[in-house]
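The structure appears right after this line, and notes come after that.
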Amino acid sequence: MLVRVVATGLCHTDLTVPTMLPQEMLPTVVGHEGTGVVERVGSAVAGIEVGDHVVMSFRSCRACEPCKAGDVGYCEQSLLLNYLGMRADGSTTMRRADGDGTVFGSFFGQSSLARHALAYADNCVVVDKALDLTRLAPFACGFQTGAGTVLNVLDPSPEEPIVVFGAGAVGLAAIAVARGAGLETVVAVDPVAARRALAEEYGAHAVDPADETADETAGPVEERVKALTGGGAAYAIDTTALAPVVLQAQRSLRPRGLLVALGLGAAEYTIDAIDLLQSGKIVRSSIEGEADPLVTIPELIALREAGRFDVDHLVTTYPFERIADAVADAKAGTVVKPVLVWGE
Ligand SMILES: NC(=O)c1ccc[n+]([C@@H]2O[C@H](COP(=O)([O-])OP(=O)(O)OC[C@H]3O[C@@H](n4cnc5c(N)ncnc54)[C@H](O)[C@@H]3O)[C@@H](O)[C@H]2O)c1
Ligand SMILES: [Zn+2]
Ligand SMILES: [Zn+2]
């Protein structure tokens, strides 16, 4: 489909991936939290019409074994469909106006940091036209990943404590859905005071990792998490992609606890092998919180409608011309989820 983009969220992955790409894949257009209005529909698309409002998420082939089992995040074609900068047949969807060189795109089957996106039936969710697309953009990735991890991977019972390292867009979405589901004890660890304050608004306990050095009575982060969770969290989520933090997260768990490391950027993590063995802990990762966007995004929209996924205030909108400010503010931690708005 050709989609006129209305709003695009900035995810940390949009900032990390270009730094990981080989030189020959630049320039590339990223953006994978797009929303917009369908302007044209290809002949192979069923069930989506011109004028429909869509949220654009990640692609999957929907034919391989993982896809057929519902694990679309682990589609055998995922690399090709989301990251290689071109269509499956090797052609690119964009070109420079001066004709000088290739522009790579098709990022997550959209490259939606643009006025128009070419997207697919397998990554587009049709949504109610009454909904505000500037608030729904982060449902495509960041919010889906944090909330999906809690709902699909952890599936906790109300008395099981959770700790979230990194109260950014992914972490706060996890906290929002956990509290919305009635979880009694949620702990957020983040060095940024404003982000801890947002976590506290959800009823989470907040831990400042900087206290460990600033206040010697505070003790190590993992000890403070253990004190707040009655001996350790049943579940930990890492969104920092920082190896020392992932280790803290593992050590914050109670025996048999589960850590899900969601961050992108570190090449290696350190695992405390003795603790892992003695305590029967599990350390794993997850693509997009095991979500199938066509299932999870409507579920999250319904939870939002029901007042159990309260994330609208995490969004700060910017006219698209101010993308550099949006990136700077995201990096500085002064906004949680910048969303670029493209106008008519
Ligand atoms: N697994 C997936 O499918 C998936 C999907 C979306 C995003 N991601 C990744 O998830 C990560 C989080 O994305 P985001 O958009 O929420 O980013 P973000 O930058 O908004 O959040 C990261 C948070 O970590 C905090 N932090 C920094 N140092 C810390 C420390 N020592 N202890 C605790 N917290 C600390 C930061 O203050 C920030 O609030 C990124 O690495 C992103 O690439 C993964
Ligand atoms: Zn597949
Ligand atoms: Zn993302």
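Computed from the coordinates by the stated procedures, all read-outs in this text should not be read as laboratory data. Note that the coordinates shown come from a computational prediction; the quantities given were computed from them, not determined experimentally. Methodologically, a virtual Cβ is constructed for each residue, glycine included, from the backbone with ideal geometry; neighbour enumeration extends over all protein chains shown.
Quick check on the exposure proxy: order 284, 40 from fewest to most C-beta atoms within 10 angstrom.
With the sparsest Cβ surroundings first, the list reads 284, 40.
Could you list 172, 277 in order of exposure, starting from the residue whose Cβ has the fewest other Cβ atoms within 10 Å?
Values: 172 30, 277 9.
So the ranking, lowest neighbour count to highest, is 277, 172.
Between segment 199-262 and segment 81-127, what is the C-alpha centre distance in whole Å?
With segment 199-262 and segment 81-127 each reduced to a Cα centre, they are spaced 39 Å.
Leaving out same-chain residues fewer than 8 places away, which lysines sit with a Cα under 23 Å from that of residue 226?
The reachable lysines, counting only those whose Cα sits under 23 Å from residue 226, are 281.
At q = 0.16, 0.18 Å⁻¹, what log₁₀ I(q)/I(0) does a Debye calculation on the Cα points of segment 144-289 give, no solvent, two decimals?
-0.75, -0.97
From the C-alpha gyration tensor of the chain, pull out the three semi-axes of the equivalent ellipsoid (sqrt of 5λ each), sorted largest to smallest, in whole Å.
35, 20, 20
Using θ = phi - 60° and the Karplus form 6.51 cos²θ - 1.76 cosθ + 1.60, what ³J(HN,Hα) does each residue of segment 292-297 get, whole Hz, x for Gly and Pro?
Once rounded to whole Hz, the list reads 9, x, 5, 9, 6, 5.
Rounded to whole Å and ordered largest first, report the semi-axes of the equivalent ellipsoid of segment 42-196 derived from its Cα gyration tensor (root of 5λ).
Working from the Cα gyration tensor, I get semi-axes of 33, 19, 17 Å.
In whole Hz and in residue order, list the ³J(HN,Hα) couplings for segment 32-42 that follow from phi through the Karplus curve 6.51 cos²θ - 1.76 cosθ + 1.60, θ = phi - 60°; x for Gly and Pro.
Karplus values, whole Hz, x for Gly and Pro: 9, 10, x, 9, x, 10, 5, 9, 9, 10, x.
List the residues whose amide H sits under 5 Å from the amide H of residue 259, counting only those 5 or more places along or on another chain, with H placed 1.01 Å from N in the peptide plane.
236, 282, 283, 284
Give me the aspartates and glutamates in straight-line cross-link reach of residue 129: C-alpha distance below 19 Å, same-chain residues under 8 apart excluded.
33, 39, 49, 52, 299, 305, 312, 344
Summarise the long-distance tail of P(r) for segment 1-128 by giving the % of C-alpha pairs beyond 27 Å.
Roughly 15 percent, once rounded to a whole number.
Counting each DSSP H run of 4 or more residues in the chain as -39500 (n - 2.57), what helix-only mean residue ellipticity at 222 nm follows after dividing by all residues, to the nearest 500 deg cm²/dmol?
When only DSSP H runs of four or more count, the value is -8000 deg cm²/dmol.
Expressed in whole Å with the largest first, what are the equivalent ellipsoid semi-axes of segment 109-191 derived from the C-alpha gyration tensor as the square root of 5 times each eigenvalue?
Values for segment 109-191, descending: 29, 14, 11 Å.
Using Cβ counts within 10 Å as a stand-in for footprinting exposure, how do 33, 288, 76, 49 rank, fewest first?
Fewest-to-most Cβ neighbours within 10 Å comes out as 49, 76, 288, 33.
Please give me the summed charge of the neighbours of residue 336: other residues whose Cβ is under 11 Å from its Cβ, Lys and Arg +1, Asp and Glu -1.
Value of the local net charge: 0.
Using a Gaussian network model of the chain with C-alpha springs under 10 Å, which one of 285, 106, 43 is most mobile by mean-square fluctuation?
Most flexible of the set in this elastic network: 43.
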